[in-house]
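Everything below concerns the one structure shown next.
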Amino acid sequence: MQFAALVHTIVQHRPSGGKPNLDTAAFIRLLQDTMACTDTATEKRIIRFQHVSDYRRFIQQLPEVPSSSSPQKSIRQMPTIRGISCRLPAEETLECFSGRVWIEKDCKISVHASTQKSIAVEKGIPWGVSQIKAPLAWSTTTGHHIKVGVIDTGVDFNHPDLRQSLSRGINLLNRSMLPHDDNGHGTHIAGTIAAANQLKGMIGVAPRSLISPVKAFDHNGSAFVSDIILGIEWCVRNRMNVINMSFGMKTRSKALLGAVINAHNAGIIIVASSGNDGKRRSVDYPARYPQTISVGATTKLRRVAPFSNRGTYIDVYAPGDKIVSAWLQGKYHEMSGTSMATSHVSGAIALLLAMKPELTPTEIKNIIKRSIQPLRGNKARRTIGELDVMRMLQAVEKA
């Protein structure tokens, strides 16, 4: 059956006086036919069902399709946004489904950092951890028992500075394997948040917090939006307190926004990097969504780093220039990027939550914005500034 004819059969059943019901069986047949089609260029798409009843019927009927022709293995389910991801012909818009499903391209998304150089060894407290005054808080809070989901490239489970700080996490690219890092970025982020090797290595912002590595990014530091959504869903299901998102893209995704809103409504604080384009009035998604805490990067001189996006979309700045942290094979690397700034903020929130676990995402965002340290060379605006852990904890005490 031709694609257009299949679409016609899907929407032909129309209850009296209402919108057409989705003919789920025909919809599954359509997916079968298009996925079996090898002579057309395809691309990854996200399809969201407007009505939960349509989505439920689809999920119920999908396993009933004969296995030889089932598209099941090629379809990834995303329950919290009532969606699926799959490959469809590049020109297909599913226009005939308006009112029943939304479709968008499953875009690529990249981590926000650039590798600078390898460092022989890092001992003690990195400059960024000191600059945000985290060590002054450790007599009061070390982030004990706070769970931070790091959606990234995975983590080096054998790194001596991270061994005490990791839970199993999940590998979304290969569910049968641990989320081992084959890039380095995720290990670097995890080190800044929670490294805990006082005698021989480095110490992160919240050394007793627990990192759950969520591997959504491949060895190139690249992922699809659908992988990020599945990562967010995992974090919600496994009751993370904080999600670190050191990545971004230029295009807006309603599917990703839906997943972010769900996590926010579940009480999870989402910290996202703003991007490394040096733009004054723009930040990347998902940092641009109001449900996240958007982070820009500063230098040792407390100035906005030249590469960092800046402006009104930024909620807080944090150290992001020449940051040394853990790397693959037990090593250390120096990296720069708003990614690095984001991990400082996630660690600071872990310190705060260990003291006051009842705080909501909105309350935490307001506390951080209220307790910033003014930036140097920015006299005109006092509404933006750098993360300051001690001011943050004092703001909670006064509240």
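Does Thr298 meet the test of being touching a Gly at 6+ places or on another chain (Cβ under 8 Å) and modelled with pLDDT of 95 or more? Here the answer is yes, as Thr298 does meet what is asked.
Of all residues in segment 190-199, none satisfies being free of Cβ contacts under 8 Å to residues at least 60 places away in the same chain, within 15 Å of His112 (Cβ to Cβ) and not in a helix (DSSP H, G or I).
With a cut-off of at least 1 residues that are of a type in the set (Gly, Ala, Ser) and touching a residue at least 40 places away in the same chain (Cβ under 8 Å), name the strands (runs of 3 or more DSSP E) lying wholly within segment 87-149. By residue number, 108-111, 114-119. For segment 304-311, the condition holds for no residue, the condition being that it is of a type in the set (Phe, Trp, Tyr) and surrounded by 24 or more Cβ atoms within 10 Å (Cβ to Cβ).
Here Pro357 clears all of (1) surrounded by fewer than 21 Cβ atoms within 10 Å (Cβ to Cβ); (2) modelled with pLDDT of 95 or more; (3) within 19 Å of Ser308 (Cα to Cα) except the condition numbered (3).
Any residue at all in segment 204-211 that's over 24 Å from Pro126 (Cα atoms) and in contact with a strand residue (DSSP E or B) (Cβ under 8 Å, 6 or more places away or on another chain)? Break it down into steps so the answer makes sense when it comes.
Keep residues of segment 204-211 that are over 24 Å from Pro126 (Cα atoms), which gives none.
Within segment 204-211, not a single residue is over 24 Å from Pro126 (Cα atoms) and in contact with a strand residue (DSSP E or B) (Cβ under 8 Å, 6 or more places away or on another chain).
Please pick out the residue among Ile368, Ile349, Ile372 that is among the aliphatic types (A, V, I, L, M), closer than 20 Å to Ile193 by Cα and surrounded by fewer than 22 Cβ atoms within 10 Å (Cβ to Cβ).
Values: Ile368 fails: surrounded by fewer than 22 Cβ atoms within 10 Å (Cβ to Cβ); Ile349 fails: surrounded by fewer than 22 Cβ atoms within 10 Å (Cβ to Cβ).
Answer to the selection: Ile372.
Counted as qualifying within segment 1-72 are the helices (runs of 4 or more DSSP H) with 3 or more residues that are surrounded by fewer than 18 Cβ atoms within 10 Å (Cβ to Cβ) and modelled with pLDDT under 60, namely 3-10.
Does Ile270 meet the test of being in contact with a strand residue (DSSP E or B) (Cβ under 6 Å, 6 or more places away or on another chain) and in a loop (DSSP other than H, G, I, E, B)?
In short, no.
Out of all the residues in segment 373-395, which are assigned to a loop (DSSP other than H, G, I, E, B) and either modelled with pLDDT under 95 or on the phi > 0 side of the Ramachandran plot (or both)? It would help to see each step written out before you state the result.
Step one: of segment 373-395, the residues assigned to a loop (DSSP other than H, G, I, E, B) are 375-384, 387-388.
The answer is Leu375, Arg376, Gly377, Asn378, Lys379, Ala380, Arg381, Arg382, Thr383, Ile384.
The set of residues in segment 200-221 that are surrounded by 23 or more Cβ atoms within 10 Å (Cβ to Cβ) and assigned to a loop (DSSP other than H, G, I, E, B) comprises Gly204, Val205, Ala206, Pro207, Ser209, Ala216, Phe217. The single condition among (1) of a type in the set (A, V, I, L, M, F, W, C); (2) modelled with pLDDT of 95 or more; (3) over 22 Å from Lys44 (Cα atoms); (4) assigned to a loop (DSSP other than H, G, I, E, B) that Cys235 does not satisfy is (4).
For Lys300, the conditions (1) surrounded by fewer than 18 Cβ atoms within 10 Å (Cβ to Cβ); (2) without any contact (Cβ under 8 Å) to a residue 60 or more places away in the chain are fulfilled apart from (2).
Just checking, does segment 253-265 include any residue being surrounded by fewer than 23 Cβ atoms within 10 Å (Cβ to Cβ), over 15 Å from the mean Cα position of the chain (by Cα) and closer than 29 Å to Trp127 by Cβ? No, that holds for no residue.
Being under 21 Å from Gly330 (Cβ atoms), of a type in the set (A, V, I, L, M, F, W, C), in contact with a Pro (Cβ under 9 Å, 6 or more places away or on another chain) and at pLDDT 95 or above is a condition met by no residue of segment 211-222.
In this structure, is Ser110 surrounded by fewer than 19 Cβ atoms within 10 Å (Cβ to Cβ), at pLDDT below 90 and not charged (D, E, K, R)? Don't jump to the end; show me each part of the working.
Numbers: surrounded by fewer than 19 Cβ atoms within 10 Å (Cβ to Cβ): yes; at pLDDT below 90: no; not charged (D, E, K, R): yes.
So Ser110 fails the test.
The values are calculated or read from the model by the stated rules, or taken from the named source; none is laboratory data. Everything numeric in this text was worked out from a predicted model, so none of it was measured. Note that each Cβ is placed from the backbone with ideal geometry, even for glycine, and that neighbours are counted across all protein chains shown.
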